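See structure below.
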Amino acid sequence: MFSEDTILLLYEITDVLIAGLSTGSVYALMAVGMTLVYGVTKAFNFAYGDFFNMGGYFAWILMFGIGFQFGGYVTVLIVVMPLMFLVGYALEKLMVAPLRKRADWENKVMMLTLGLALFLTSLYTVVFGVRMKSLPPILEGTLEVGQLVFSYQDILIFVMSIGGIMVFGWMLNNTRIGMAVKAVAQNPIGAKIVGIPKERIFASTFAISTVMVGFGGILLSQKWFINPMSGGTIMVKAWVVTAFGGMGSIRGGLYAAFIIGLLEAFVGWLFGMSYSIIALFILLLATLVIRPQGLMGKGD
Amino acid sequence: MRLKHMAIIIGVAYGIMALLPLLVGDIRFLMNILIMCLIWAVVASCWDVMMGFAGIFSFGQVAFFVMGAYCSGILAIEHHVTPVLSILIAGLFTAGMGVLVGLPCLRLAGPYVALVTFGVHMALQPTLRGEIGIALGSGGSVGLLTIPPINIFGYSFSSANIVPTFYLTLLVSLACALVIMFVIKSYWGVAFLALKDSQDFAMSLGISAFKYKLMVFALTSFLTGIIGAYYGHFYGVLSFRMLDLDLFSILMVMMLVGGLGHYPGSIIGAFLVVAGSELMAPLGAYRAVTMGALVVILVLALPNGVMGFFLKRASDRAPSG
């Protein structure tokens, strides 16, 4: 049979695997939001990672800043999600929409959102301090199957983010606003002709992606802490997942998110966390060279 | 803008700079700021050539600057190379890295290029801090502390004799500015602009996108690397903290104040923003917040920067010219 050491190693690998899967599921959520906003509005959001932190900070403010802990995370979600929607909608209307009329507005949007990212990052540092904030786990306790130990937190993060994606997918295919979003993505002019309010759809799409990444922020901040400076890294990760999975393909994003979540967990376990961003960067370059359209992307 | 006008603006800006030490030459703090103005002017101009003229949306300029600085610093400390030579080697090294980064970017569209170059920026910090960097001699999380000053024929240009150092910086910076000016006004510059406006049409006229885009990467990263190496030797210490977002946002504000694609503008933008950012020093941590907000406001309100503003005024006054 296996020696004691081998079994311990196997348990350790299982732990890493579980961590990778639960992180990966949140990445999937973020990648879907990103693919949506870029696919529909062609606006690339450099502040995406800072909205991730914004979700975490809103939850922290509610639970510890104000001290309102009644209902736990249910209340947090009920309060923070609409708040994120409002923030996203207002930002799109105030900042991105005025740029649409200009020549090469896509580049201008990138500069603007990068400025926004710098602004938010330093704002978080000033307001909340450089020290990381932590959120309590959504569920305490562990589930033990034989010798394997799963924490309820990991399981719930996994279930909630996959559930979030499924709700989103259902909305996109079955509700009026979802179909309008799809119509605008396929043919903006045609959508306008049949009377779909394009500007409002753009703003809503931006807002929905903000909600998704904020939701991801609330979920993952319990495991990772909220780091004011981490916005850039998270944005790069979300974008690597999106590019690796293929732009505009939700299923590709899903596979890519799990592959990258696992890759990151194993690279972190083997070489240390600081190498994970290097590994991701190499993966991104390899993807772009070998298969620029990504895993499931349609290509041009 | 015509070559004559560019030359006049550059001449006036650098002329004023050259006169300032007569007034404040014995205040070391102010001289340091002036030297920083000259250094950042080059970096901002290079970034402007990349984004405003060639239309390549690269966010890797700070990374190239740091690469150049570290390369020259490591050469001088570990391998005892004379600073002037090590600066040139650093420039060539950075140019090579620029071409390496540029190669995958050639096939990519806007946001992908932005992301790959931003990825270079993000990946550089753990590389310098981690074991790879330590093996190369980057000093890990301490950074480089004892970079020797530039030494020409036994005369050392350090912050001890700051006025001569200032004039050396002025010469280097002016040389870079003139190189950029002539490149923009030469056949290359026209090719960059043509590729930016319509790549397909430019290529149908026989302009090789491959060649010119790589050239932009090589040229801008060469100049940025040289000035980064110069910065390292002047400052004497280097830390990976330079890759934090502060510097990045200040550089972006410089470029936006000057006006994207309005070349000598970024030089004036750099002068204004370095001075302005020193004036904002009492704001403390809020300075970075202000810089971020400024980027947003400038993109929205002043799309062509100071330069575009004045050019518009000028063309309003004389519609025929």
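What follows draws every value from the coordinates through simple rules; no lab data is involved. Treat the numbers as computed from the prediction; the structure is a model and nothing was measured. Ideal geometry is used to build each Cβ from the backbone, glycine not excepted, and the neighbour counts take in all protein chains shown.
The mean number of Cβ atoms from other chains found within 10 Å of a Cβ in peptide B:283-292 is 5, as a whole number.
Give, as a single signed number, the net charge of other residues whose beta carbon lies under 15 Å from the beta carbon of B:Leu245, with Lys and Arg counted +1 and Asp and Glu -1. Write down the numbers at each step before the final one.
On the way: positive: B:Arg241, B:Arg287; negative: A:Asp50, B:Asp244, B:Asp246.
Computed value for this residue: -1.
Computed from Cα positions, the angle between helix A:176-186 and the longest principal axis of chain A comes to roughly 80 degrees. Amide H to amide H distances under 5 Å link A:Thr142 with A:Tyr152, where only residues 5 or more positions off or on other chains count and H is placed in the peptide plane. The angle separating the long axis of helix A:276-290 from the principal Cα axis of greatest extent in chain A is about 50 degrees. Per-residue shielding of A:45-57, expressed as the average number of other chain Cβ atoms within 10 Å of the residue Cβ, stands at 1.
Below 14 angstrom from the Cβ of A:Ile155, what's the summed charge of the other residues (Lys, Arg +1; Asp, Glu -1)? Intermediate values should be presented prior to the final figure.
Working: positive: A:Lys223; negative: A:Asp15, A:Glu140, A:Glu144, A:Asp154.
Here the count lands on -3.
Please state the charge dipole magnitude for the range B:3-243, taken about the Cα centre, from unit charges on C-beta atoms (+1 on K and R, -1 on D and E), reported in debye and rounded to the nearest 20. Don't jump to the answer; show the numbers that get you there.
On the way: 9 positive and 6 negative charges, 49 e Å.
Using Cβ point charges on Lys, Arg, Asp and Glu, the range B:3-243 gives about 240 debye.
Report summary: the helix-based calculation at 222 nm, which adds -39500 (n - 2.57) for every DSSP H run with n ≥ 4 and divides by the residues of chain A, gives -24500 deg cm²/dmol. Only helices enter the 222 nm calculation for chain B: every DSSP H run of n ≥ 4 contributes -39,500 (n - 2.57), and dividing by all residues gives -24500 deg cm²/dmol, rounded to 500.
Starting with the highest mean, order A:94-101, A:29-36, B:273-280, A:259-266 by the number of other Cβ atoms within 10 Å, averaged over the residues of each peptide.
Working: A:94-101: 16.1, A:29-36: 28.5, B:273-280: 17.9, A:259-266: 20.9.
The packing order, highest mean first, is A:29-36, A:259-266, B:273-280, A:94-101.
Within 10 Å of each Cβ in B:122-130, how many Cβ atoms from other chains are there, averaged over the peptide? Kindly include the intermediate steps, with their values, before the conclusion.
Details: counts 9, 9, 2, 3, 9, 5, 0, 1, 5.
Shielding by partners across B:122-130 averages 5.
Taking a straight Cα-Cα cut-off under 30 Å and skipping sequence neighbours fewer than 8 places away in the same chain, the lysines within cross-link reach of A:Lys198 are A:Lys42, A:Lys93, A:Lys101, A:Lys108, A:Lys182, A:Lys237, A:Lys298, B:Lys196.
Net charge near B:Asn304, counting Lys/Arg +1 and Asp/Glu -1 over other residues with Cβ under 14 Å of its Cβ?
On the way: positive: A:Arg102, A:Lys108, B:Lys312, B:Arg313; negative: A:Asp104, B:Asp48, B:Asp316.
Combined, the nearby Lys, Arg, Asp and Glu give +1.
As a proxy for reagent exposure, ranking B:His5, B:His80, B:His262, B:His121 by other Cβ atoms within 10 Å from fewest up yields B:His80, B:His5, B:His121, B:His262. Rounded to the nearest whole Hz, the Karplus-based 3J(HN,Hα) values (6.51 cos²θ - 1.76 cosθ + 1.60, θ = phi - 60°) of the range A:32-40 follow the sequence 5, x, 6, 4, 5, 5, 6, x, 8, with x at glycine and proline.
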